[in-house]
Each structure stands twice: as structure tokens, then as C-alpha cells.
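**Q** What follows is a structure written as C-alpha cells; I'll ask about it next.
The values are calculated or read from the model by the stated rules, or taken from the named source; none is laboratory data. All of these numbers come straight from a predicted model, not from anything done at the bench. With ideal geometry, Cβ positions are generated from the backbone for all residues, glycine too; neighbour counts draw on all protein chains shown.
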Amino acid sequence: MYLNSIFTDPERTARLVDIAKSSLQPLLEGAVFYTIPLTLITFVIGIILAVLTALARISEVKVLQIIARVYVSAIRGTPLLVQLFIIFYGLPNLGITLDPYISAVIGFSLSVGAYTSEIIRAAILSTPKGQWEAGYSIGMTYSQVLRRIILPQAARVSIPPLSNSFISLVKDTSLASLVLVTEMFRRGQEIASVNYEFLLVYSEVALIYWVICFFLSILQGYLEKRLGRYGA
């Protein structure tokens, strides 16, 4: 019925074309100025947090191990949406009111940090013990071996799963609309609430997400091929 009305009613077809054209610019603005920057910022912060958490997990200091385990367990064991709601809607009950964008950055960064910490930890543990011993044998300290030998190798191994996490994060940023961040999906909601063409507008949103993720997949393949030259 919906498709029939499009093909048989020239006026409706023209209206849909006009809506598609007029909505494309605000959707792209939402992607360029909110979705993509939010993804990049939270991923960088999340990776830093993930490295620290992974190092705490493999540390011999029990307190650090416990803190890292509790953090990872709490984040992985609760929905991301609930975490965002606690940060944005819940913390004001304690007198802590955060800007929507800051709330989204904190929520997504904590999520990325917890999930990718396991990727990084596994990559570090996959490095042969002989690499550690070789570093110690030439007088390197623990931190020097970690920085100059272990982490560079772990980074190469981590690229494929980390790339997948980054692509997933691009899509997860749509949840920021529920804490009032005017990213691309929220722009789509606002547009659709005015013209009531939900299928058209949300299809445009989905297409833009797909295009972004498609190019990121191409970049992922390039990085894997590039770094694969240095593999054993």
C-alpha cells in the first residue's frame, strides 16, 4: 500500500523527494558534527582506559586486579542504555548534573574501556614469554619492555577486534539521542516528528550509518594488510 501510493501518486512522490533532499543536510550535519566526533573522542578515551585496565588485570598487585575486575564486570554486565541513564538522569539526584554530550562521552568511554580491555589483555598475554625475557636480559625494566616490545606487538594483534569495536561504537552512538544529544539519529527523530515520513527519514539515517561503516571497513582492511607485513 505504501509503495503503491508512491508509484501511483506523482504529488506524493515529489513530496518524498523534497523531504529526502531537505532532510539530508541536517542528517549529515548531525553525523559530521556530533556522531563522528563523539565516536572518535570516546574511542580514544576508551582505549586509554582499556590499556590501563588491561595492565591492572595482569598486574601482581591484588588491589588493582580487583578494581579492574569489578569495573569490567559491572560494565559488561549491565546494558549501555542503563549506564547512560544513570549518568545523565541518575547523578542529578546526588547533585551532579552533567551536560548531555559529556554524559554520552563518559558512558561510551566506560563501555569501550571495559570491552576493549579484554581484547588488549588477550593480545598482551599472547606475546611469547621469551619477548619479556629477552628485554630483561639486555637490562630493560618492566615498563621499558612493555612500551618498546610488548605493547607494539599487542597493538598489531589487536587491530582487527579493535576495528570491529570502533565500527560498533559508531552505531551505538545513536543511543546518545536518548540523553538529549543532537547527533544524527536524534536529528532524524526531530525531522520525522514533523513530516511523519518515518520510513523515509529513518532509511536515510540507516544509509548514512551504513556508508560510514562501509568506509571504516575498507580502512580496517587496509590497516590489517599494512600491519600484516610485520607479522611473523
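**Q** Out of (1) of a type outside the set (A, V, I, L, M); (2) in contact with a Ser or Thr (Cβ under 7 Å, 6 or more places away or on another chain); (3) within 25 Å of R76 (Cα to Cα), what's the single condition that is false for D172?
**A** (2)
**Q** Among the residues of region 12-29, is any modelled with pLDDT of 90 or more, in contact with a helix residue (DSSP H, G or I) (Cβ under 7 Å, 6 or more places away or on another chain), among the small types (G, A, S) and assigned to a helix (DSSP H, G or I)?
**A** Among the residues of region 12-29, not one is modelled with pLDDT of 90 or more, in contact with a helix residue (DSSP H, G or I) (Cβ under 7 Å, 6 or more places away or on another chain), among the small types (G, A, S) and assigned to a helix (DSSP H, G or I), which makes the answer no.
**Q** Restricting to region 121-157, name every residue that is at pLDDT below 85 and either under 30 Å from L84 (Cα atoms) or in contact with an Asp or Glu (Cβ under 7 Å, 6 or more places away or on another chain) (or both).
**A** Residue satisfying the conditions is A155 alone.
**Q** Now for a different question. Taking the conditions exactly as written (at pLDDT 85 or above and not charged (D, E, K, R)), does S177 satisfy them or not?
**A** Values: at pLDDT 85 or above: yes; not charged (D, E, K, R): yes.
When the stated conditions are applied, S177 passes them.
**Q** Would you mind finding the one in V205, V211, V181 that is out of contact with any helix residue (DSSP H, G or I) (no Cβ under 7 Å at 6 or more places or on another chain) and β-branched (V, I, T)?
**A** Details: V205 fails: out of contact with any helix residue (DSSP H, G or I) (no Cβ under 7 Å at 6 or more places or on another chain); V181 fails: out of contact with any helix residue (DSSP H, G or I) (no Cβ under 7 Å at 6 or more places or on another chain).
Only one candidate qualifies: V211.
**Q** Within region 99-134, restricting attention to residues that are part of a helix (DSSP H, G or I) and of a type in the set (S, T, N, Q), which residue is nearest to A74 (Cα to Cα)?
**A** The initial filter retains those residues of region 99-134 that are part of a helix (DSSP H, G or I), namely 100-126, 129-134.
If we keep only those that are of a type in the set (S, T, N, Q) too, we end up with 103, 109, 111, 116-117, 126, 131.
Values: S103: 18, S109: 14, S111: 10, T116: 14, S117: 13, S126: 25, Q131: 33 Å.
Applying the filter and picking the extreme gives S111.
**Q** So which residues in region 180-197 are of a type in the set (F, W, Y) and at pLDDT 90 or above? Can you show your working first?
**A** Initially, region 180-197 is screened for residues of a type in the set (F, W, Y), giving 185, 196.
Residue satisfying the conditions is F185 alone.
**Q** Okay, next question. Could you tell me whether region 104-111 includes any residue that is more than 22 Å from I67 (Cα to Cα), touching a residue at least 12 places away in the same chain (Cβ under 8 Å) and within 15 Å of the chain's Cα centre (by Cα)?
**A** Within region 104-111, one or more residues are more than 22 Å from I67 (Cα to Cα), touching a residue at least 12 places away in the same chain (Cβ under 8 Å) and within 15 Å of the chain's Cα centre (by Cα).
**Q** Being free of Cβ contacts under 8 Å to residues at least 60 places away in the same chain, at negative phi and exposed (fewer than 14 other Cβ atoms within 10 Å of the Cβ) is true for just one of Y202, Y222. Which residue is that?
**A** Working: Y202 fails: exposed (fewer than 14 other Cβ atoms within 10 Å of the Cβ).
Just a single option satisfies the conditions, and that option is Y222.
**Q** In a helix (DSSP H, G or I), in contact with a Gly (Cβ under 6 Å, 6 or more places away or on another chain) and aliphatic (A, V, I, L, M) - does that describe any residue in region 165-182? Spell out how you get there, then give the answer.
**A** Of the residues in region 165-182, the ones in a helix (DSSP H, G or I) are 165-179.
If we keep only those that are in contact with a Gly (Cβ under 6 Å, 6 or more places away or on another chain) too, we end up with none.
Within region 165-182, not a single residue is in a helix (DSSP H, G or I), in contact with a Gly (Cβ under 6 Å, 6 or more places away or on another chain) and aliphatic (A, V, I, L, M).
**Q** Looking at (1) surrounded by 13 or more Cβ atoms within 10 Å (Cβ to Cβ); (2) part of a helix (DSSP H, G or I); (3) within 24 Å of the chain's Cα centre (by Cα), which is the only condition I191 fails?
**A** (3)
**Q** Which condition breaks for V179 when tested against (1) within 19 Å of I41 (Cβ to Cβ); (2) surrounded by fewer than 19 Cβ atoms within 10 Å (Cβ to Cβ)?
**A** For V179, the exception is condition (2).
**Q** Test I120 against the criterion of being under 23 Å from P37 (Cβ atoms) and in contact (Cβ under 8 Å) with a residue 40 or more places away in the chain, and give yes or no. Steps first, answer last, please.
**A** Numbers: under 23 Å from P37 (Cβ atoms): no; in contact (Cβ under 8 Å) with a residue 40 or more places away in the chain: yes.
Answer is no for this residue.
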